[in-house]
1. In vacuum, with every alpha carbon of the chain counted as one equal point scatterer, what does the Debye formula give for log10 I(q)/I(0) at q = 0.09 Å⁻¹? Two decimals, please.
2. Could you check the spin-label model distance between residue 36 and residue 213? Points 7 Å from the Cα along Cα→Cβ, value in nm.
3. Return one number: the angle in degrees, 0 to 90 and rounded to the nearest 10, between the long axis of the Cα atoms of helix 37-46 and the longest principal axis of the Cα atoms of the chain.
4. Taking the Cβ-Cβ separation of residue 106 and residue 73 as r and a Förster radius of 25 Å, what is the calculated FRET efficiency to the nearest 0.05?
5. Can I get the semi-axes of region 1-96's equivalent ellipsoid? Compute them from the C-alpha gyration tensor as square roots of 5 times the eigenvalues, in angstrom, largest first.
6. Residues of region 153-196 with backbone nitrogen within less than 17 Å of a virtual label 7 Å along the Cα-to-Cβ line of residue 145, please, listed as ranges.
7. What does the charge count around residue 69 come to, taking other residues whose C-beta lies under 13 Å from its C-beta (Lys +1, Arg +1, Asp -1, Glu -1)?
8. Could you work out how far helix 108-125 tilts from the main Cα principal axis of the chain, as a 0 to 90 degree angle to the nearest 10?
Amino acid sequence: MSNEPLILVIDDEIQIQRALRKILDQNGYRVLIAATGEDGLTLAAASPPDAIILDLGLPDMDGTEVCQKLRAWTQTPIIVLSARDDQRQKVLALDRGADDYLTKPFGVDELMARLRVALRHGAQMSKTADPIVRGGEIEIDLARRIVTRQGDEVRLTATEFKLLAHLARNADRVLTHRAILNEVWGMEYVDQVEYLRVYMRQLRAKLEADPHRPVMLLTEPGVGYRFVAQ
């Protein structure tokens, strides 16, 4: 049986299907194609893929609904590939479980890079124990709740560690402001974006070599944040 990663493409455009099949095949991936959301959900259950590339404009249901249905039972990485470049659509897709978002037309190199990151995230999520996550100059021991920078322990407040741990457990995945605020502070704080920005500034000041040019705790403008793992 092949060990090549299996990628499920859910897109109803024939040209996109053909292009993605060729690109993925040339880069050593196995490919499944579905033209509708329902077919995509069926294939995902019957032959669990390593990652999913999903269009939002499907003929039978919106791609954000597909994200939501998938997230009810699987953590398989989802990359949205859509002609919709509206920021609200991007946030909605990410809030409903997408890991990343790329607009059409897309660059092949960028898509392959995003896919590699998604597969790395999927492999990390499949681990049963809390891992040690590394990014930039720091190491986060999630089980022992210890953060070190170049071998020296960094003192974080309970809330700072909770925020960092949530980002690290979702390494390389874009998390929206609302999703982070809900997870770390609770539903009543989901609109307090400035509150989150203050804590991110504090984390960067403690963890980044240059807080003004972060390499680990990245901002996704207008959307949220991404923790870049080593």
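1. -0.39
2. 5.2 nm
3. Relative to the chain, helix 37-46 is tipped by roughly 80 degrees.
4. Given R0 = 25 Å and the Cβ-Cβ separation, E is 0.35.
5. Equivalent ellipsoid of region 1-96: 21, 15, 12 Å, largest first.
6. Answer for this model: 153-169, 184-185.
7. -3
8. Taking the Cα atoms of the chain, the angle to 108-125 is about 60 degrees.
No lab work stands behind these numbers, since they all come straight from the coordinates. What you see is a predicted model, and the numbers here were worked out from it, not measured in a lab. Virtual Cβ from ideal backbone geometry, glycine too; neighbours counted across all protein chains shown.
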